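The values are calculated or read from the model by the stated rules, or taken from the named source; none is laboratory data. Computed from a prediction, not measured in an experiment: that's the story for all the values here. With ideal geometry, Cβ positions are generated from the backbone for all residues, glycine too; neighbour counts draw on all protein chains shown. Heavy atoms of the whole protein, side chains included, go into the accessibility calculation; ligands, DNA and RNA do not. Shrake-Rupley method; radii C 1.70, N 1.55, O 1.52, S 1.80 Å.
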Amino acid sequence: MTACIVGWSHLPFGKREGEDAESMIVKVAVDALADAGLEPKDIDAVFLGHFNGGFEKQDFTASLVFQASDDFRFKPATRVENACATGSAAVHQGLTLIEAKKARRVLVVGVEKMTALPGKEIGETLLKASYLKEEAGIDGGFAGVFAQIAQAYFQRHGDQSDALARIAAKNHRNGVANPYAQMRKDLGYEFCRNPSEKNPFVAGPLKRTDCSLVSDGAAAIVLADVDTALGMDKAVAFRAAAHSSDFLPMSKRDILKFEGCTSAWQKAFAQSGLTLDDLSLVETHDCFTIAELIEYEAMGLVPEGQGARAIAEGWTEKDGKLPVNPSGGLKAKGHPIGATGVSMHIMASLQVRGEAGDMQVAGAKLAGIFNMGGAAVANYVSILEPLR
């Protein structure tokens, strides 16, 4: 335990008209510092998680955080990018700097403006997070990538359409209680299970309800070393922070096992001295419902090929043995790429402090987070607990 989250800010995700990355960055930076009771002069370093990849013309965005205050000038600011795990990558960079004793207080911001592009261009931009030499021709962009994963999973383990619909329905039901979620509507299992004009197939066996939402949004946290955090109003400690990366080409690995996810969880449990049974909840990366299903297996909740059991038997429901995505996950909350990992850390912090409102998991004390980039290429796990 080398650092704590001592303040945060989170914009509601969705289509944020009239805003760009800069305006969102400024809002959450100002509010996160205020939440922590700090000023820009108190911050030793800044990390900005921003994928971009063509979503906006403005690139080289790290110093846009300085638009929040002139007092940031000359502080080190670095942009971090690791596909859909960009937000967690920025958080972990902040932790590393504090662990190296090169900073005591770090501001981490995650942001993405996705909705300014037409749908086709959004798909093309996201597909850059795949191995283009082999995967550029996959129809449907990244939905097509995960459709291939779903089809291969169905071939190996049987049709899982019921399980995917249950995951979608669970996350949308949970999202109703999340004030930051893009879609706060309980769609129900039947709507998620059956294709319709409002829920068509998007790619392969994946319907619209199986795919996370295109979003704009930003979130920010303030990190502090433990000694500093002890003197602050609130502090959520990192019991573990682990990162494992895998090969980029899907052809070089068994894509149905998400072995990078397994590795990251194993590292986190080794660091913390905990097991999955110790966790009160998990916020996991449900960019597509098939991803959440496979992640049940990769984290060790169920054996390989038995992910459907976890959702069918209610284990991952809000009142189950291991609630998964009580925030509604990416499926309901939205998935502004650079902001997602930071958002997950805020959702988990609210839970372990008992401040999650209607999202609250009763008695939550230890929260796991899994955020991944690409098809289980960049894999980040954090385990949080309240320090005070």
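Counting just the residues of the stretch 150-179 that are in contact with a Pro (Cβ under 9 Å, 6 or more places away or on another chain) and open to solvent by 60 Å² or more (accessible area, probe 1.4 Å), which one comes out farthest from Pro323 (Cα to Cα)? Among residues in the stretch 150-179 that are in contact with a Pro (Cβ under 9 Å, 6 or more places away or on another chain) and open to solvent by 60 Å² or more (accessible area, probe 1.4 Å), the one farthest from Pro323 (Cα to Cα) is Gln151. Among the candidates Ala29, Ala77, the residue that is farther than 28 Å from Ser212 by Cα and not basic (Lys, Arg) is uniquely Ala77. Those helices (runs of 4 or more DSSP H) of the stretch 118-226 in which at least 1 residues are of a type in the set (Asp, Glu), considering only elements entirely within it, cover 119-127, 132-135, 161-175, 189-193. Condition check for Leu132 on (1) touching a strand residue (DSSP E or B) at 6+ places or on another chain (Cβ under 7 Å); (2) surrounded by fewer than 15 Cβ atoms within 10 Å (Cβ to Cβ): one failure, at (1).
Take the conditions among the charged types (D, E, K, R), within 25 Å of Ile346 (Cβ to Cβ) and without any contact (Cβ under 8 Å) to a residue 40 or more places away in the chain and apply them to Lys321. Does it pass? Answer is yes for this residue.
Quick grid of which residues meet (1) assigned to a strand (DSSP E or B); (2) not small (Gly, Ala, Ser):
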| site | (1), (2) |
| --- | --- |
| Lys234 | no, yes |
| Ala237 | yes, no |
| Ala240 | yes, no |
| Asp254 | no, yes |
| Lys257 | no, yes |
| Gln271 | no, yes |
| Glu295 | no, yes |
| Gly305 | no, no |
| Ala310 | no, no |
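When Thr61, Thr78 are checked against the criterion of being under 22 Å from the mean Cα position of the chain (by Cα) and open to solvent by 20 Å² or more (accessible area, probe 1.4 Å), Thr78 stands alone in meeting it. One residue stands out among those in the stretch 210-235 that are β-branched (Val, Ile, Thr) and surrounded by 23 or more Cβ atoms within 10 Å (Cβ to Cβ): the one that is farthest from the chain's Cα centre (by Cα), which is Val222. Only one of the numbered conditions (1) more than 30 Å from Asp35 (Cβ to Cβ); (2) open to solvent by 70 Å² or more (accessible area, probe 1.4 Å); (3) in a helix (DSSP H, G or I) is not met by Asp71, and that is (1). Considering the stretch 27-49 alone, what residues qualify as being open to solvent by less than 40 Å² (accessible area, probe 1.4 Å) and in contact with a helix residue (DSSP H, G or I) (Cβ under 6 Å, 6 or more places away or on another chain)? Listed by number, the residues that qualify are Ala29, Pro40, Ala45, Val46, Phe47, Leu48, Gly49.
Each residue in the stretch 85-116 was checked for being within 25 Å of Lys27 (Cβ to Cβ), open to solvent by 30 Å² or more (accessible area, probe 1.4 Å) and either part of a helix (DSSP H, G or I) or hydrophobic (A, V, I, L, M, F, W, C) (or both), and 3 pass.
The condition of being assigned to a helix (DSSP H, G or I), touching a residue at least 60 places away in the same chain (Cβ under 8 Å) and buried (at least 24 other Cβ atoms within 10 Å of the Cβ) holds for Gly341. Within the option set Phe201, Phe288, Phe238, being of a type in the set (Phe, Trp, Tyr) and open to solvent by 40 Å² or more (accessible area, probe 1.4 Å) holds for one residue only, Phe201.
Answer yes if at least one residue in the stretch 372-386 is among the acidic types (Asp, Glu), assigned to a strand (DSSP E or B) and at pLDDT 95 or above, and no otherwise. Within the stretch 372-386, one or more residues are among the acidic types (Asp, Glu), assigned to a strand (DSSP E or B) and at pLDDT 95 or above.
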